[in-house]
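The block underneath contains the structure these notes are about, expressed in structure tokens.
The numbers here are math on the coordinates, done by the rules we state, and not lab data. Note that the coordinates shown come from a computational prediction; the quantities given were computed from them, not determined experimentally. Cβ sites come from the backbone with ideal geometry, for glycine too, and all protein chains shown count toward neighbours.
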Amino acid sequence: MRYRGREISGEQLDCMRRLIADNPSASRRALSKLVCEAWDWRQANDRLCDMVCRGLMLACDRAGLLRLPEKKCFPANPLAAGRRKPLRVEIDRTPIRCSVKELGPLEIRQVRRSELEGLFGSLIEQHHYLGYAHPVGEQLKFLVFSGRRPVACLAFSSAPRHLGPRDRFIGWSPDQRRANIHLIAYNSRFLILPWVQVRHLASHLLGRLARGISDAWEALYHHPIHFLETFVDTERFKGISYQAANWIYLGLTSGRGKDDQTHQRNRSIKAIWGYPLSKDFRRHLCRGLER
């Protein structure tokens, strides 16, 4: 069977069955860690893939391939709190109209897992046309300040697994994509607050973020990134700021979404833009499997 891009052999199924039989008092969480250690199944930051492994074992249990022990506890779902609408935070909305130079020094703060994360969520929920959505997987959130006033928000998260125009541009194989997709970050939100009218601010911020985002990603997740990507809704925007920041137009989405079963368009067409973070980005993204 295949689960999340990983082939599961009969020998590995037997391994899971033996570990369950040899550890009758172990919880499902403990068993998934034992399986990961036996297979040396790890993330890019060297942590065990125990969450993915737990999903695999549950899928095998539902398919009748093994029998998991009964659940021993029912912990609260941490994502449930993340799905609640952020609390509204009121800030100074005095209009700002000037040039980037006149705006003065800008400070870009990474606010993921900080006391400012609530402010970030509030501003996105109030002023971005898509609102706030809890990202999946690895993620960074940036607030841009002019003095003590926030002027912009940018969010980056794990990249979609399948994206035809991007995959053709990179030129990687399916196995290389599965192994190295974590080296791409997706710009999921970009907001300049509506009362901030500063010409060229968007492209200026995109350029500055590109120079420092890999280091910020490595500081939190212990691996760099080598490529950025984003979607631009063609019914609303033209992507001029990305173009001005030297991002590369890669093509259009099909308008069907990742879980499409009908092969019919069911959402707006998005333009896909990408930005290599180094000249040798393909060498990093197309490298062979290490495990």
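Quick notes
- With all projection directions averaged, the alpha carbon convex hull of the chain covers 17.6 nm².
- Trypsin sites (Lys or Arg not before Pro) lying in DSSP loop within the stretch 190-249, provided at most 10 other Cβ fall within 10 Å: Arg236, Lys238
- Projected-area average for the stretch 43-174 over all orientations - Cα convex hull basis, square nanometres: 13.5 nm²
- Applied to the stretch 275-286, the Karplus parametrisation 6.51 cos²θ - 1.76 cosθ + 1.60 on θ = phi - 60° returns per-residue 3J(HN,Hα) values of 9, x, 8, 7, 5, 9, 4, 5, 4, 6, 7, 9 Hz, with x for Gly and Pro.
- Arg84/Glu235 FRET efficiency (R0 51 Å; Cβ-Cβ; nearest 0.05): 0.95
- Point-to-point label distance, Glu218-Asn23, nm (Cα→Cβ direction, 7 Å offset): 3.4 nm
- Computing FRET efficiency as 1/(1 + (r/R0)^6) for Lys101 and Tyr129, where r is the C-beta to C-beta distance and R0 is 22 Å, gives about 0.15.
- Excluding exposed DSSP-loop GluC sites (Glu not before Pro) (at most 16 other C-beta within 10 Å), longest clean stretch of the chain: 116-234
- 0 to 90° range, to nearest 10: angle between helix 50-62 axis and the chain longest Cα axis: 50 degrees
- Between Arg178, Arg47, Arg109, the residue with the greatest mean-square fluctuation in the GNM of the chain (Cα pairs under 10 Å linked by springs) is Arg47.
- Debye equation applied to the C-alpha atoms of the stretch 2-62, log10 I(q)/I(0) at 0.18 Å⁻¹: -0.58
- Among the chymotrypsin sites (Phe, Trp or Tyr not before Pro) within the stretch 104-212, those in coil by DSSP and having at most 12 neighbouring Cβ atoms inside 10 Å are Tyr129.
- In the stretch 163-247, the ratio of gyration radius to Kirkwood radius, Rg to Rh, stands at 1.00 when only Cα atoms are counted.
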